[in-house]
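Since the structure comes first, as structure tokens, the remarks are kept for the end.
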Amino acid sequence: MDFLGLFDPSTADESVDAHDDFTDQLPPEPQVGNVEYKLKLVNPSKQRFEHLVTQMKWRLREGQGEAIYEIGVEDNGVLTGLAEYEMTASLQTLQQMAYKLGATTTVLRERLVDNDNGNGRKVAEVLVRKVPDDQHNIEVRVAVMGSADAGKSTLLGVLTQGQLDNGRGRARLNMFRHLHEVQSGRTSSISHEILGFDTRGHVVSYSEFMTAEEICENSTKLITFIDLAGHRKYLRTTVLGLTGYSPHHVMLVVSGSAGIVGMTHEHLALAIALDVPFFITITKTDVTSPSDTLTSLETMLKSAGCRKVPLVVKNEDDVITAGSNQLAENIVPIFCVSNVTGDGLELLTKFLHVLPPGISIKEKERLEQELCEFQIDETFRVPEVGTVVGGLLTKGVVTEGAKLVIGPLNDGRFLPVVVQSIHRNKAPCRVVRASQSASLGLNQEVAGLRNGMVLLSPESNPCGCLFFQAAVIVLFHATAIYPGFQTTVHIGNIRQTAVIEGIMATGGIHTNDRASVLFRFVRHPEYVKVGMRLLFRDGRTKGIGKITQVFPIQSAVMKDSFCADSAHRSIGEPSSPS
């Protein structure tokens, strides 16, 4: 979703302090998207009012439940401004329009234009939000990354619990899932926490409500934090969380005292490689000044491999500018916070409030029309309930009683199952839609159930595969990669060791080389499709790519023939799967 702000970050010459210059014109009003310019809305006729309501409904659909109205702005982008009484009447009309659609309005900011003669005219930027009829709230997934001891879990504890830290890690205790995490102070698994906002933009957290269900019921916007591990030995788990849960944004946490360390570069490279928009939070500003860390971050973000525009958020105007242009203008907002004193936390919270949703309503509706595809990230055995699987629904719609197939099993087959119950955000529900995460209770036990499996519609006639071909680029390798190289492959929720069986048209590939490569899963078949994004890593070796061809398993004989042919054929002429 493209917000338009009343400040133009492109005029800042990539400086972190040059965002105070007021512009007298915005770009012309976009014909598509969720941004609408209105010069004034004073006493419209009944017919005009109905037209305005229809227009607002369309803008909300474009922004997946959120729209931005620029009041006092002409269609060509000129900031004309309104007198005080005209602005008051226009905002009242806008509120009536939103009320008719079941939406709410929040004035993000107001500014004076043409104030030379003392009779300044106002322009206003208003956020209109409507929760879609089939949802409890608008959901945004944010993955929290950064090096060990940067304060990721502590920051989430302060944000979601509403209580400051004592300087010794008290706030992070509620984030940990295992005893050894409490004892070591290091996250080793993937945990989820939620932060809600009501219709007025006020925070809804555990400081007011006891359960996640109550937070969801009282929130119109829900931020789901995915807390990932920072230590190098848990990097596999971190990559799995980033690829499997498909976050809309990444919050990269950097320690103000330690600065940028090796894992900071590693996590930043992962976010850029997977094309996930990110923002940066510098913690521990109560211990030391963040100036040195800010300088290092600016240099890193402006480097050739990143090419981003850093924006240090110092006030509420910077918050709106950051939220407005993070996606469109390649801006990386930087927040400086202290979990002990609370400095900077209010600006970070307001930024999360205006953070745009992940996908447009058109894309969401398109995904819902497709056949069901549910990625399994976690499996549970719950007493008196049975088998429960948790994960992300990437396509289609799942309802209670839906008949699906789960797999692939070790022989590549899929097993029929029935969905008995559905939970979202720890609360029961009857339906889950594309791009939503959920837990599903199944009607039977599944032998060999594991993370990385999928639940699919029987109509898709799925089949697992051992061999697949991908166009890859090597981001880093100390020497060269040759056939026979073993690596850990991440494809969505899949994480498995694979062997490179062949490389097209060359003997080996080096750093920054591109090639078409044939992979073979080592342990068991997986469900992959053409076009899926791939990330492979082994130690410091990293590479990304996209799957271009899949060879389904149809029989044990075929699997044997693939293994035999891979030793004799080049990647340019793989054996036929039929």
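Could you identify the single residue in 340, 354, 287, 312 that is under 19 Å from the mean Cα position of the chain (by Cα) and modelled with pLDDT of 85 or more?
354
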Is it true that residue 474 is β-branched (Val, Ile, Thr), under 30 Å from residue 193 (Cβ atoms) and within 29 Å of the chain's Cα centre (by Cα)? no
Just to be sure I understand, how many residues within segment 242-256 are more than 18 Å from residue 490 (Cβ to Cβ) and open to solvent by 10 Å² or more (accessible area, probe 1.4 Å)? 1
What about residue 80, is it of a type in the set (Val, Ile, Thr) and within 31 Å of the chain's Cα centre (by Cα)? no
Inspect segment 103-123 for any residue being open to solvent by less than 30 Å² (accessible area, probe 1.4 Å), at pLDDT 90 or above and in contact with an Asp or Glu (Cβ under 9 Å, 6 or more places away or on another chain) and give the result as yes or no. yes
Tell me, yes or no, whether segment 214-231 has at least one residue that is crowded, with 24+ Cβ neighbours inside 10 Å, outside any loop (DSSP other than H, G, I, E, B) and not hydrophobic (A, V, I, L, M, F, W, C). yes
State the number of residues belonging to segment 257-305 that are of a type in the set (A, V, I, L, M), in a strand (DSSP E or B) and either open to solvent by 30 Å² or more (accessible area, probe 1.4 Å) or within 30 Å of residue 436 (Cβ to Cβ) (or both). 1
Tell me which of these residue 64 doesn't satisfy, since it passes every other one: (1) modelled with pLDDT of 90 or more; (2) under 30 Å from the mean Cα position of the chain (by Cα). (1)
Filtering segment 306-343 for residues that are assigned to a helix (DSSP H, G or I) and buried (at least 20 other Cβ atoms within 10 Å of the Cβ) leaves a count of 8
Residue 11 meets each of (1) at pLDDT below 90; (2) under 30 Å from residue 222 (Cβ atoms) with one exception, condition (2)
So residue 487 fits all but one of (1) part of a strand (DSSP E or B); (2) of a type in the set (Ser, Thr, Tyr); (3) open to solvent by 20 Å² or more (accessible area, probe 1.4 Å); what number is the exception? (3)
Could you tell me whether residue 164 is open to solvent by 40 Å² or more (accessible area, probe 1.4 Å), farther than 17 Å from residue 425 by Cα and modelled with pLDDT of 85 or more? yes
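Considering only residues that are touching a residue at least 40 places away in the same chain (Cβ under 8 Å) and either charged (D, E, K, R) or open to solvent by 50 Å² or more (accessible area, probe 1.4 Å) (or both), which ones fall in segment 497-543?
Applying the first criterion (touching a residue at least 40 places away in the same chain (Cβ under 8 Å)) to segment 497-543 yields 501-505, 513-521, 524-528, 532-538, 540-543.
Once the filter is applied, which keeps residues that are touching a residue at least 40 places away in the same chain (Cβ under 8 Å) and either charged (D, E, K, R) or open to solvent by 50 Å² or more (accessible area, probe 1.4 Å) (or both), segment 497-543 yields 501, 504, 505, 513, 514, 520, 526, 533, 537, 538, 540, 542.
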With the structure loaded, tell me whether residue 148 is more than 21 Å from residue 429 (Cβ to Cβ), modelled with pLDDT of 80 or more and open to solvent by less than 40 Å² (accessible area, probe 1.4 Å) or whether it fails that test. yes
Just name the residue that is modelled with the lowest pLDDT out of those in segment 28-48 that are assigned to a loop (DSSP other than H, G, I, E, B) and surrounded by fewer than 12 Cβ atoms within 10 Å (Cβ to Cβ). 32
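The values are calculated or read from the model by the stated rules, or taken from the named source; none is laboratory data. All of these numbers come straight from a predicted model, not from anything done at the bench. Heads up, the Cβs are rebuilt from the backbone with ideal geometry, glycines too, and the neighbour counts pull from every protein chain shown. Ligands, DNA and RNA are stripped out before the accessible areas are found, and what is left, the full protein with its side chains, is counted by its heavy atoms. Shrake-Rupley method; radii C 1.70, N 1.55, O 1.52, S 1.80 Å.
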